[in-house]
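Notes for the one structure printed next.
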Amino acid sequence: MQLTFELPEIDREATRNAVESILDKYRMYLLMDPEDNEPKITSTFKLVPSAPSNQFHSSTEDTAIKKIDQEKKRKDFISRIQRAVNRLAYQERSIIINRYFKEDDIFDYEVYNQLGFSERKYYRIKARAFYKLALILKIEVYEEEAKGGEAS
């Protein structure tokens, strides 16, 4: 008796969109300036005296904690994406870095000309890189998930 194990089919379009979304988010996180959360300088007065407790009530303390938490999440996300891309093969990694990690907006045709690939080879390697990234980051979308989401 032989056991059969079938892997579920991956929805290529939905998975590609998920990977592109993550790479766009990575680019935005790199550009984010965490200076948006500044503490209030104006003091507020209360009629009820504050009771001593272990909770923070200062807007400066709340803002500092919020900034640290946001910065940690941002750095963790950036690190996770960088580790995933570093696991790719050289050609796959060079396509992802040149297309998505550079500061300038660049088009696919500029990348494959820059790297010396034919258009067909470029898109084949890019598709394979997206597939691997989706699996590494655990963001792949399966056919049943895509169909189940549409029926709802």
Check your understanding: If only one of Phe107, Phe77 is within 24 Å of Leu133 (Cα to Cα), modelled with pLDDT of 85 or more and surrounded by 14 or more Cβ atoms within 10 Å (Cβ to Cβ), which one is it?
Key -> Phe77
Study note, to complete from the structure: Residues in the stretch 135-145 that are open to solvent by less than 60 Å² (accessible area, probe 1.4 Å) and either over 16 Å from Asn17 (Cα atoms) or β-branched (Val, Ile, Thr) (or both) total 3
Check your understanding: If you go through the stretch 85-114, how many residues are of a type in the set (A, V, I, L, M) and touching a helix residue (DSSP H, G or I) at 6+ places or on another chain (Cβ under 6 Å)?
Key -> 5
Revision key, fill the gap. Log entry, pairs with first residue in the stretch 5-19 being under 14 Å from Leu137 (Cβ atoms), second being buried (at least 18 other Cβ atoms within 10 Å of the Cβ) and aromatic (Phe, Trp, Tyr), beta carbons closer than 6 Å, six or more apart or on different chains, reads Arg16/Phe130; Val19/Phe130
Check your understanding: Within the stretch 4-20, how many residues are under 10 Å from Ala134 (Cβ atoms) and among the aromatic types (Phe, Trp, Tyr)?
Key -> 0
Review point. When the residues of the stretch 86-104 are filtered to those that are among the hydrophobic types (A, V, I, L, M, F, W, C) and open to solvent by less than 30 Å² (accessible area, probe 1.4 Å), which remaining residue is nearest to Lys25 (Cα to Cα)?
Key: Ile96
Exercise for review: Output yes when any residue across the stretch 118-134 is in contact with a Pro (Cβ under 8 Å, 6 or more places away or on another chain), in a helix (DSSP H, G or I) and exposed (fewer than 12 other Cβ atoms within 10 Å of the Cβ), and no when none is.
Suggested key: no
Check your understanding: Going through the stretch 27-48 one residue at a time, which ones are part of a helix (DSSP H, G or I), at pLDDT 70 or above and loosely packed, with under 14 Cβ neighbours inside 10 Å?
Key -> Met28, Leu30, Leu31
Check your understanding: Being at pLDDT 85 or above, open to solvent by 60 Å² or more (accessible area, probe 1.4 Å) and among the small types (Gly, Ala, Ser), is that true of even one residue in the stretch 5-26?
Key -> yes
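The values are calculated or read from the model by the stated rules, or taken from the named source; none is laboratory data. What you are looking at is a predicted structure, and each value in this text was computed from that prediction instead of being measured. Note that we place each Cβ from the backbone using ideal geometry, even for glycine, and neighbour counts take in every protein chain shown. Accessible surface is based on the protein model in full, side chains and every heavy atom, while ligands, DNA and RNA are left aside. Shrake-Rupley method; radii C 1.70, N 1.55, O 1.52, S 1.80 Å.
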